[in-house]
1. Is it the case, given these coordinates, that A:SER280 is touching a Ser or Thr at 6+ places or on another chain (Cβ under 8 Å), surrounded by 19 or more Cβ atoms within 10 Å (Cβ to Cβ) and not hydrophobic (A, V, I, L, M, F, W, C)?
2. Looking only at residues that are of a type in the set (A, V, I, L, M) and open to solvent by less than 30 Å² (accessible area, probe 1.4 Å) in segment A:322-343, which one is farthest from the other protein chains (Cβ to nearest Cβ)?
3. Regarding segment A:313-321, can at least one residue be identified that is open to solvent by less than 10 Å² (accessible area, probe 1.4 Å), closer than 16 Å to A:VAL264 by Cα and assigned to a loop (DSSP other than H, G, I, E, B)?
4. Quick one: A:ASP125 ticks every box in (1) open to solvent by 20 Å² or more (accessible area, probe 1.4 Å); (2) in a helix (DSSP H, G or I); (3) under 24 Å from A:SER255 (Cα atoms) except a single one, so which number is it?
5. Being open to solvent by 20 Å² or more (accessible area, probe 1.4 Å), of a type outside the set (Lys, Arg) and within 9 Å of chain B (Cβ to nearest Cβ) is the filter here; which residues of segment A:190-199 pass it?
6. Can you tell me which residues in segment A:97-110 are within 14 Å of chain B (Cβ to nearest Cβ), on the phi < 0 side of the Ramachandran plot and open to solvent by less than 10 Å² (accessible area, probe 1.4 Å)?
7. Could you check segment A:51-77 and list, in sequence order, the residues that are hydrophobic (A, V, I, L, M, F, W, C) and either closer than 18 Å to B:THR104 by Cβ or surrounded by 23 or more Cβ atoms within 10 Å (Cβ to Cβ) (or both)?
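The values are calculated or read from the model by the stated rules, or taken from the named source; none is laboratory data. Here the structure is a predicted model, which means the values were calculated and not measured. Note that we place each Cβ from the backbone using ideal geometry, even for glycine, and neighbour counts take in every protein chain shown. We work out accessible area using only protein heavy atoms, side chains counted, and drop any ligands, DNA or RNA first. Shrake-Rupley method; radii C 1.70, N 1.55, O 1.52, S 1.80 Å.
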Amino acid sequence: MEKISRRNFLGVTSKGAAASIVAGTFAPTASSMIGLGGVASASSKIKPFTFAVLTDAHLYDLPAHRFDGFLEDAVAQVNALKPRPDLLIYAGDVGQAGKASELEKGQKILSKLKMPMLIIPGEHDYYLDMGADWRKRFLPKSKQGVEAWSHDHNGVHIIGMNSILISDFWTGAGLSDVERMGRVEELECHKCGLWGVEAKQLEWLKKDVAKLSPDTPIITFTHSPLWDYYPRWNFQTKDSAEIRQILSGFDKVMSIHGHVHQVVYNNVGNMTSAGLMSTSWPWPYPPVELTYPHIKMNRQNPGDFKDGMGSSSVSIGGDFDGTMKYHAFSADLLPANVAAGIPI
Amino acid sequence: MKNTMKSVALASVAAVALTAGSAFAAKPIVGAEAAEQFDALMATVATGDSIWHTPQGSNGLACANCHPDGSAIQPETFPKAHRTLGGRVVALRDMIQWCLQAVTAADGFDYASDEMIAMETYATYTNRGAVIDLGKDVQTGAVPVISGPGYPGTTH
């Protein structure tokens with residue numbers, strides 16, 4: 001499998017922006033064609049590697065906002081990892097209110113990454129203009145129709161999907177674009193409803209994995225969890241059961257998601273699932289019982305605005321044995337078992 | 001032993017009688033008066049809900065950014081000594097004021113203002129049912145809330 005080269009990413013970045021970098025990722029290269037062409041990637045063929053993950057920067061359209069610095073610090077954090085991750089996946093919510101200025105700021109900060117980036121949208125990137133600016137900046141023209149992608153790397157099939165699609169609650173209510181975004185900005189939006197990947201992406205997913213052999217290692221990225229964690233805060237994806245069904249024939253699937261702003265873990269069937277810390281603010285654990293209550297982060301200190309956040313990386317071994325490492329900004333956020341790395 | 005138990009029993013009866021007597025000293029709040037109080041409470045919860053979800057300061061952050069549904073506040077644990085506020089014993093409104101000023105870069109509200117009362121009301125209403133446990137200092141989530149049609153102040 002051809003590794004994404006930095007040259008491949010940056011070769012088209014005359015504007016020096018992350019959007020162009022990502023566009024390079026999705027160009028119909030030989031590697032992506034191989035992945036979609038159904039050449040089986042048996043786990044025995046995995047070449048061990050590490051990838052990094054960032055999510056939920058929630059950048060505001062305000063100068064010198066402290067969240068800007070948090071994202072910059074997280075970028076520096078993953079750039080300094082040894083060995084350097086082969087690639088980075090950004091799991092959604094670059095901006096807070098979907099403004100071009102927020103996304104542009106994020107693009108600029110993320111362009112400092114020293115590895116290629118793949119990206120999926122979050123609801124905060126999306127509902128001001130229904131993702132138009134986000135797509136323009138972060139997706140190539142060939143991916144404008146279905147906001148889902150797959151990429152093969154070192155024998156692993158990596159899938160990214162837009163999991164924050166919601167039914168139209170705004171037209172009937174006569175809401176403006178800004179009002180729609182304002183509603184969605186609230187985690188406990190009563191009228192937004194449950195979100196998911198919806199039919200078009202489910203069809204895409206079926207086709208994407210149709211010709212892969214069952215032992216192909218699969219990693220999925222969605223903004224929200226692919227299990228029903230706490231639907232009231234959209235800590236869910238409404239069609240996650242269908243997604244799990246489509247992927248049920250594979251030996252093992254890793255699902256990594258943003259949105260929850262916290263360390264959380266679950267296992268459903270052949271799918272292990274890990275949630276990520278943000279680089280903006282942490283969220284409390286919702287009032288539900290966790291299946292793996294020992295995989296959590298500690299209570300953060302409200303007086304330390306950087307506590308409760310950080311970046312993550314995942315090392316993939318030759319047997320598709322993964323270890324999720326959380327890199328918290330504050331040393332005492334993670335209990336010892338989580339700081340040591342979570343098998344995923 | 002028998003006499004002692006009898007004494008306790010008599011004392012209990014006396015206590016019940018006293019309690020019952022005092023219960024009739026003022027009329028229970030029922031009917032229209034109770035409804036009026038509840039409506040006033042819900043109106044204040046709605047005001048608090050609105051303030052909670054609206055940035056009050058200069059950095060765009062609202063209380064709901066970190067505390068959706070009034071979670072991670074634990075109003076039932078106040079007053080308590082709080083490390084973030086210098087280790088002194090503070091009331092819930094002290095903590096709200098600190099969050100407004102330090103976290104959201106707002107001016108804050110006068111303690112007796114309608115806004116502060118409304119925020120305190122929202123914070124306590126969304127955590128209703130929690131057992132008062134002064135000084136408790138552990139992280140828990142919010143209680144499940146009533147959502148959808150009929151939820152007070154549902155504008156979002």
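1. Judged against the criteria, A:SER280 is not a match.
2. First pass over segment A:322-343, keeping only residues of a type in the set (A, V, I, L, M): A:324, A:328, A:331, A:333-334, A:336, A:338-340, A:342.
With the extra rule that they be open to solvent by less than 30 Å² (accessible area, probe 1.4 Å), the set shrinks to A:324, A:328, A:333-334, A:338, A:342.
On the way: A:MET324: 22, A:ALA328: 16, A:LEU333: 12, A:LEU334: 14, A:VAL338: 15, A:ILE342: 20 Å.
Checking each candidate, the answer is A:MET324.
3. no
4. (1)
5. Of everything in segment A:190-199, just one residue is open to solvent by 20 Å² or more (accessible area, probe 1.4 Å), of a type outside the set (Lys, Arg) and within 9 Å of chain B (Cβ to nearest Cβ), namely A:HIS190.
6. A:GLU102 - this is the single residue of segment A:97-110 that is within 14 Å of chain B (Cβ to nearest Cβ), on the phi < 0 side of the Ramachandran plot and open to solvent by less than 10 Å² (accessible area, probe 1.4 Å).
7. Listed by number, the residues that qualify are A:PHE51, A:ALA52, A:VAL53, A:LEU54, A:ALA57, A:LEU59, A:LEU62, A:ALA64, A:PHE67, A:PHE70, A:LEU71, A:ALA74.
For (1) over 21 Å from A:PRO286 (Cβ atoms); (2) part of a loop (DSSP other than H, G, I, E, B), each residue gets a yes or a no:
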{"residue": "B:ILE73", "(1), (2)": "no, yes"}
{"residue": "B:THR84", "(1), (2)": "yes, no"}
{"residue": "B:LEU100", "(1), (2)": "yes, no"}
{"residue": "B:ASP107", "(1), (2)": "yes, yes"}
{"residue": "B:MET116", "(1), (2)": "yes, no"}
{"residue": "B:GLU120", "(1), (2)": "yes, no"}
